[in-house]
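Here the structure is laid out as structure tokens; the discussion comes afterwards.
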Amino acid sequence: MFSRLLIALIFVVVTQSYVFADAQFLKEQSPNFGQLSIFKGSELCAVSKATNQYLRQHKDDVKAVHAGKAIGNGISLGRVEQTLDFLCQIYQEDVRANRNSRLHDGAFLKANFEFIRWIPDKEKADEIARKSTNSVKSRMLNQIPNKQLFLTKYYAKLLDGSAVKTDHYSQALYQLPSDEQHFSLEQAELKKDQLTRFRYTRQEVMEGALLNKKLAKPLVWVTEEALHDVLLQGTGVLTVDGKIRYFNVHRNNGIDYDYAIGKREQKRYWYFAEVPSILGYGKELKNKIAIKPQVSLAGNVKQLGLGKLILVNYQLEKRSQAQLAILADEGGAFDDNLFQLDLLAGSYRGWGDYHQANKHIPDYADIWILLKKEE
């Protein structure tokens with residue numbers, strides 16, 4: 001409790017603050033961040049447009065389409081939409097004028113955006129750390145700084161697969177079971193006691209429950225290790241018979257993700273669908289948001305609201321570096337989690353090449369939510 005009071009006192013430049021659980025969101029007049037780099041304005045604009053389209057077309061999605069329950073009543077959904085519009089306006093104006101992007105200019109951001117500093121919910125992180133059976137995870141959660149979030153990275157898994165089952169490719173990515181093919185998500189929820197999807201754990205599916213009873217169609221076959229990875233990452237980019245194919249999580253078996261245990265022990269299981277690209281949030285598969293590396297973040301959409309423009313700042317080789325990204329994805333690990341964000345880093349074969357490409361990025365970062373200033 002004392003530490004949280006101390007944090008509040010440090011921010012003497014704050015004009016207004018909101019508190020949710022033990023996370024805090026504080027308006028900051030003079031944010032200190034480094035050189036804006038890494039991200040591409042074109043891809044930031046693309047994700048911004050796709051996310052804004054979702055916000056405007058799916059007002060009935062009360063889980064994700066709101067101003068930000070965790071942040072407070074000072075933010076309207078209209079301002080979130082205007083912020084995303086403004087991003088693309090600036091990018092397009094700069095392209096037409098053949099000049100450097102103002103989205104990479106810190107002074108321009110400070111002049112045109114309101115900054116809301118996000119202070120992590122350390123009490124929740126510490127609680128999870130005490131329960132976790134993973135010593136590395138516990139250590140990293142315990143070490144979250146008072147003013148920085150836990151910045152994890154996720155990626156689309158580059159995999160080899162097979163159109164048929166073999167000894168090597170022994171696990172399937174299954175399509176939604178046959179008894180649910182024509183149900184909307186809402187219709188399926190009403191019938192969940194009768195549906196195959198809610199009947200089996202990950203381990204039971206892997207042991208053949210669906211295949212033996214012909215309850216769901218295998219879309220593609222992968223190795224056991226690859227299955228655990230793609231269930232965790234949410235998207236698989238597979239080479240099958242020499243062709244690149246994309247597979248995205250569709251609906252799960254209704255079992256919560258357990259932050260305290262490892263990927264192999266998780267009972268949550270996802271059914272998949274083949275898609276045209278890497279996709280982020282969407283209530284239904286047909287309207288999921290197309291996302292891009294380095295400009296897309298996964299987080300607690302339920303409490304933060306979809307579409308927040310976020311500035312991520314961290315120390316890199318003793319210099320402060322920043323990038324802009326959009327909250328356009330979610331994951332089971334973010335339920336009741338206001339201490340972490342997950343940056344889409346790219347597409348990789350596995351931990352080795354992912355780590356090599358991203359080992360320089362720290363595990364903790366300063367985070368601000370940005371809103372276009374009201375005129």
- prompt: Restricting segment 359-374 to residues that are hydrophobic (A, V, I, L, M, F, W, C) and either farther than 25 Å from Gly305 by Cβ or more than 17 Å from the chain's Cα centre (by Cα) (or both), which is surrounded by the fewest Cβ atoms within 10 Å (Cβ to Cβ)?
  reply: Ile361
- request: Looking for whichever is of a type in the set (Asp, Glu) and within 30 Å of Gln35 (Cα to Cα) here; the options are Asp160, Asp121, Asp193. Which one fits?
  value: Asp121
- request: Out of Ala129, Ala107, Ala125, report the one residue that is among the hydrophobic types (A, V, I, L, M, F, W, C), surrounded by fewer than 16 Cβ atoms within 10 Å (Cβ to Cβ) and either outside the structural domain of Arg79 (by the TED database) or assigned to a helix (DSSP H, G or I) (or both).
  value: Ala107
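Among the residues that make up segment 145-154, is at least one of them assigned to a helix (DSSP H, G or I) and either touching a strand residue (DSSP E or B) at 6+ places or on another chain (Cβ under 9 Å) or touching a residue at least 60 places away in the same chain (Cβ under 8 Å) (or both)?
Of segment 145-154, the ones assigned to a helix (DSSP H, G or I) are none.
No, segment 145-154 contains no residue that is assigned to a helix (DSSP H, G or I) and either touching a strand residue (DSSP E or B) at 6+ places or on another chain (Cβ under 9 Å) or touching a residue at least 60 places away in the same chain (Cβ under 8 Å) (or both).
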- request: Inspect segment 37-55 for any residue being farther than 30 Å from Lys318 by Cα, among the hydroxyl-bearing types (Ser, Thr, Tyr) and without any contact (Cβ under 8 Å) to a residue 40 or more places away in the chain and give the result as yes or no.
  value: no
task: Would you be able to tell me the number of residues in segment 36-57 that are touching a strand residue (DSSP E or B) at 6+ places or on another chain (Cβ under 9 Å), assigned to a loop (DSSP other than H, G, I, E, B) and surrounded by fewer than 20 Cβ atoms within 10 Å (Cβ to Cβ)?
output: 2
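Quickly run through segment 329-339 and pick out the residues that are hydrophobic (A, V, I, L, M, F, W, C), surrounded by 22 or more Cβ atoms within 10 Å (Cβ to Cβ) and touching a Phe, Trp or Tyr at 6+ places or on another chain (Cβ under 6 Å). Give the derivation first.
Of all residues in segment 329-339, those hydrophobic (A, V, I, L, M, F, W, C) come to 333-334, 338-339.
With surrounded by 22 or more Cβ atoms within 10 Å (Cβ to Cβ) added as a condition, the list becomes 334, 338-339.
Within segment 329-339, Phe339 is the sole residue that qualifies.
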- prompt: For segment 163-218, which helices (runs of 4 or more DSSP H) that fit wholly inside it have 2 or more residues that are within 26 Å of the chain's Cα centre (by Cα) and in contact (Cβ under 8 Å) with a residue 24 or more places away in the chain?
  reply: 185-190, 202-206
- prompt: Which condition breaks for Met140 when tested against (1) under 23 Å from the mean Cα position of the chain (by Cα); (2) crowded, with 21+ Cβ neighbours inside 10 Å?
  reply: (2)
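Name the strands (runs of 3 or more DSSP E) wholly inside segment 254-337 in which the number of residues that are within 17 Å of Asp61 (Cβ to Cβ) is 1 or more.
On the way: elements: 270-275, 296-298, 309-316, 319-329.
In segment 254-337, the matching strands (runs of 3 or more DSSP E) lie at 296-298, 319-329.
Among the residues that make up segment 347-368, is at least one of them in a strand (DSSP E or B), touching a residue at least 24 places away in the same chain (Cβ under 8 Å), farther than 30 Å from Glu225 by Cβ and out of contact with any Asp or Glu (no Cβ under 8 Å at 6 or more places or on another chain)?
Filtering segment 347-368 down to residues in a strand (DSSP E or B) leaves 347-348, 364-368.
Filter once more, so that each one left must be touching a residue at least 24 places away in the same chain (Cβ under 8 Å): 347-348, 364-368.
Keeping just the survivors that are farther than 30 Å from Glu225 by Cβ gives 366-368.
Within this subset, residues satisfying the condition of being out of contact with any Asp or Glu (no Cβ under 8 Å at 6 or more places or on another chain) are 366-367.
Yes - at least one qualifying residue is present in segment 347-368.
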statement: Selection from segment 154-175 of residues touching a Lys or Arg at 6+ places or on another chain (Cβ under 8 Å) and surrounded by fewer than 21 Cβ atoms within 10 Å (Cβ to Cβ) yields Leu158, Gln175
- line: Residue hits (segment 149-207; aromatic (Phe, Trp, Tyr) and within 30 Å of Ile310 (Cα to Cα)) are Phe150, Tyr154, Tyr155
message: Looking at segment 74-93, I want the residues that are under 20 Å from Phe108 (Cβ atoms) and have a partner that is of a type in the set (Asp, Glu) and modelled with pLDDT of 95 or more with Cβ atoms under 9 Å, at least 6 apart or on another chain. Which pairs are those?
response: Arg79/Glu114
- prompt: If we scan segment 35-52, do we find a residue that is farther than 21 Å from Gln294 by Cβ, in contact with a helix residue (DSSP H, G or I) (Cβ under 7 Å, 6 or more places away or on another chain) and not aliphatic (A, V, I, L, M)?
  reply: no
Residue that is nearest to Val301 (Cα to Cα), among those in segment 312-322 that are surrounded by fewer than 23 Cβ atoms within 10 Å (Cβ to Cβ) and modelled with pLDDT of 90 or more: Asn313
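Taking the criterion of being in contact with an Asp or Glu (Cβ under 6 Å, 6 or more places away or on another chain) and assigned by the TED database to the domain that holds Ile119, would at least one residue in segment 305-313 satisfy it?
Here is the first cut: in segment 305-313, the ones in contact with an Asp or Glu (Cβ under 6 Å, 6 or more places away or on another chain) are 313.
When the remaining residues are screened for being assigned by the TED database to the domain that holds Ile119, the result is 313.
Among the residues of segment 305-313, at least one is in contact with an Asp or Glu (Cβ under 6 Å, 6 or more places away or on another chain) and assigned by the TED database to the domain that holds Ile119, which makes the answer yes.
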field: When residues of segment 223-282 are limited to those that are out of contact with any helix residue (DSSP H, G or I) (no Cβ under 7 Å at 6 or more places or on another chain) and hydroxyl-bearing (Ser, Thr, Tyr), the one nearest to Glu186 (Cα to Cα)
entry: Thr235
Unmet requirement for Val95, which otherwise passes all of (1) assigned to a helix (DSSP H, G or I); (2) buried (at least 17 other Cβ atoms within 10 Å of the Cβ); (3) out of contact with any Phe, Trp or Tyr (no Cβ under 7 Å at 6 or more places or on another chain): (2)
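The values are calculated or read from the model by the stated rules, or taken from the named source; none is laboratory data. Note that the coordinates shown come from a computational prediction; the quantities given were computed from them, not determined experimentally. Positions of Cβ are generated from backbone atoms using ideal geometry, with glycine treated the same way; all protein chains shown enter the neighbour counts.
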